[in-house]
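*Asks:* Got a structure here, written out as structure tokens. Questions coming.
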Amino acid sequence: MSSPKKSSFFNKAPRFWERRGPISLVLWPLSKIYGWVNQALDFVDELNLGRRKPAPVPIIIVGNIRVGGTGKTPIVIALAEQLASMGWKPGIISRGYGATAFSTPRQVKSDSNPADVGDEPVLIAQRTDDQFPIWVHPKRTLSIQSLLKHDPSVNVIISDDGLQHRSLLRWPAREGGRDIEFVVRDQRGEGNGFLLPAGPLREPAARERDATLMTGAITLSNHIDEYFLGRRAFTLSSQLGIPYQLNHPSNTQSLSSIAETYLPNKITAVAAIGNPQRFFDDLLKQGIAGKSIGLADHATYTHEFFSAINAECILITEKDAVKCTSIQDERIWVVPMSLEIPKTLSDWLQSILQRPDPNQYTL
């Protein structure tokens, strides 16, 4: 079977990241060095020697401390739609992972090429029908400048990832500010709890955050249980929608119909996301017990890859679908997924965003 492109050590997690064992313990000294370097960079960052200026509107960062995706993009979509329903005018910025190198920020539309701007920003644009301005660039401060220049009515910006982006100055809600740092946590949790490369963490599990967004069935590990006790966290429930045919989106059929129409050995689910197993588990809950192919996050696809799959029905995620527009295969069905923002989270967001700008009162 032809393999999709763009796979790496860091977007396909090694198994030893999940439990402490010989390999992780051997690599642990390197993790300590990694942690010390990050601490030094954080210290320099706090000095703000470059005299960075905060954004003129609140920033909501949807990030993770674990390497690889934890389901941030659906949360960005849900937050933007929820904020719009509350009367806010959100804009969205992203690094545009997997995009070609470019010197200036780019605006993303639903018909943008994922190879040029990244698959996740295109997915956001398509799912929201271009309702919100979306800009991408590795330097998020430049994206903010371009976004606000072109859409000055935007009064809150959601950053898809960027938790470790030091140049993005913020005054977090936990310190009295109106910027919000969310850490997204899926059912894998923090793995073995070690920093890179011995474990999957970019930052310690005890990293400060304004709130934790829990997705999937979470099982706390002993070494981080205490951190989450008494701290703000919200559980977001996901729901799979009605699949539609990749080449004919108006053609739909329910998951129950697919389960009844095809034998399990004639169904294959494919996912190139941060946690493919979650997609497969969600399908299984809906009665889809087919074969599964989990790929590295952001992997690209070819016609040859799908042609080599021996199945009568192929199920993929919407994130995968944006990279398959040129592929003609009647067997491919796209399974949409949506998240629900709980009212407690909406109310808390409103209370933070309505705060006066604390930057106006600094000396």
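The values are calculated or read from the model by the stated rules, or taken from the named source; none is laboratory data. This structure is a prediction, so every number in the text was calculated from the model and none was measured. Backbone-built Cβ (ideal geometry, glycine too); neighbour counts: all protein chains shown. In case anyone asks, the SASA skips ligands and DNA or RNA and just uses the protein heavy atoms, side chains included. Shrake-Rupley method; radii C 1.70, N 1.55, O 1.52, S 1.80 Å.
*Asks:* Summing Lys, Arg as +1 and Asp, Glu as -1, what charge do residues with Cβ under 12 Å from the Cβ of V57 carry, V57 excluded?
*Replies:* 0
*Asks:* Between beta-carbons, use under 15 Å as the cut-off and find the net charge around E260, counting Lys and Arg +1, Asp and Glu -1.
*Replies:* Local charge sum for E260: 0.
*Asks:* Can I ask one more? Going by alpha carbons, how many degrees (0 to 90, nearest 10) lie between the helix axis of 343-353 and the longest principal axis of the chain?
*Replies:* Between the helix axis and the principal axis of the chain, the angle is about 40 degrees.
*Asks:* Two-decimal Rg/Rh of region 267-363 from alpha-carbon positions, Kirkwood Rh? Before the final figure, lay out the partial values.
*Replies:* Working: Rg = 19.9 Å, Rh = 16.1 Å.
Rg/Rh for region 267-363 comes to 1.24.
*Asks:* What does the accessible area per residue of the chain come to in Å², with a 1.4 Å probe and no ligands, DNA or RNA counted?
*Replies:* Heavy-atom accessible area per residue stands at 47 Å².
*Asks:* Using the structure shown, select from K72/K266; K72/K323; K266/K319; K109/K149; K89/K139; K109/K323 the pairs with a Cα to Cα distance greater than 20 angstrom.
*Replies:* Those over the limit are K72/K266; K266/K319; K89/K139.
*Asks:* How many nm is it between the label spots at L30 and Q354, if each spot is 7 Å from the Cα in line with the beta carbon?
*Replies:* Spacing of the two 7 Å Cα→Cβ label points: 5.0 nm.
*Asks:* Work out the length of the dipole vector of region 227-333 about its Cα centre, built from +1 on the beta-carbon of each Lys and Arg and -1 on the beta-carbon of each Asp and Glu, and round it to the nearest 20 debye.
*Replies:* With only Lys, Arg, Asp and Glu charged at Cβ, the dipole is about 440 debye.
*Asks:* Rounding to the nearest 10 and keeping the result within 0 to 90°, find how far the Cα-based axis of helix 140-150 lies from the longest principal axis of the chain.
*Replies:* Approximately 90 degrees, to the nearest 10.
*Asks:* A further question on this structure: Label Q187 and N310 with points 7 Å out from Cα along Cα→Cβ: what is the distance between them in nm?
*Replies:* Result: 2.9 nm between the two label points.
*Asks:* Could you give the length gained on full extension between A84 and K285, defined as 0.36 nm per residue of separation minus the Cα-Cα distance, in nm?
*Replies:* That works out to 69.2 nm of additional length.
*Asks:* Moving on. Which of the trypsin sites (Lys or Arg not before Pro) found in region 12-78 are in a DSSP loop and have at most 10 neighbouring Cβ atoms, other than their own, within 10 Å? Mind showing how you got there, number by number?
*Replies:* Working: sites: K12, R15, R19, R20, K32, R51, R52, R66, K72; in loops: K12, R19, R20, R51, R52.
Taking region 12-78 and a limit of 10 other Cβ atoms within 10 Å, the loop trypsin sites (Lys or Arg not before Pro) found are R51.
*Asks:* For the chain, modelled as a GNM with alpha-carbon contacts under 10 angstrom, which of P58, P138, P14 fluctuates the most?
*Replies:* Comparing P58, P138, P14 in the GNM, the peak value goes to P14.
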